[in-house]
Amino acid sequence: MTDAQSGTGPGAGAPEQRPTSGPAPRWGEYAPLPPAPPEPVVHAVSPAQQAPAAPAPVRAAGGAPVRRRRTWDLVLTIALLAYGLMTVLASISGAGDLGRTIDQVYAIQGLGDYRPSALAGTLTTVANLAQVGLLVLAALVSYRLLKAGRIAFWVPLVAGVLASLLVGVFGLTLMISDPTFQDYLSSVG
């Protein structure tokens, strides 16, 4: 045994001298390697039993992946657009004549007879054209959103709310301009 190993001699208590040719080893550098993981067991599987491979993501012309279409959104958007189409067709076919509608409201409320003015026909035509325009716009925007894989059911809802507000404002305009309604307001107030 040497003096350095036994701890007796001139270098006793001093740390062991290392070669200075390179950096000192780091912690764990000389540790043994972990055992290799076991090889996975491969079972023979027929092609019919194999799960289908996931399709590669569809890429748009710009190279960005196209979002996956949501079935519920597609069904709901088409249903709302179909409802909007039925409403617009009913409005155009005569059920949406604002003068006749106001006359029915007057009869139910016992206000008297509504005297339609030239403004009633004009506002009815404008309301019907606006409803058709909003429906076409909603269908185009919904199509583009669905094609891009984005949620689109809100578009026909917004178009329906705008159309309802427009028809309501036109109806209120006709009622306020009617002399029978003005007489009713003056008798009540």
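Worth a mention:
- Extension gain from residue 185 to residue 144, taking 0.36 nm per residue of separation minus the Cα-Cα distance: 9.9 nm
- Look at the alpha carbon pairs under 8 Å that are at least 6 residues apart: their mean separation over the length of the range 67-156 gives a relative contact order of 47 percent.
- Sparse packing (at most 16 other Cβ atoms within 10 Å of the Cβ) combined with a DSSP loop state is found for the following trypsin sites (Lys or Arg not before Pro) in the range 122-180: 150.
- Accessible area of residue 173 (1.4 Å probe, protein heavy atoms only, ligands and nucleic acids ignored): about 60 Å².
- Heavy-atom accessible area per residue - the range 125-189, 1.4 Å, Å²: 60
- Between residue 100 and residue 78, the contour length at 0.36 nm per residue exceeds the alpha carbon distance by 4.8 nm.
- FRET efficiency for residue 126 and residue 85, using Cβ-Cβ distance with R0 set to 22 Å, rounded to 0.05: 0.70
- Calculated on alpha-carbon atoms, Rg and Dmax of the range 99-182 in Å: 17.0, 54
The values are calculated or read from the model by the stated rules, or taken from the named source; none is laboratory data. The shown structure was predicted, so the numbers you read here are calculated from the model rather than taken from an experiment. Cβ coordinates were reconstructed from backbone atoms using ideal geometry, including for glycine residues, and neighbour counts include every protein chain displayed. Ligands, DNA and RNA are stripped out before the accessible areas are found, and what is left, the full protein with its side chains, is counted by its heavy atoms. Shrake-Rupley method; radii C 1.70, N 1.55, O 1.52, S 1.80 Å.
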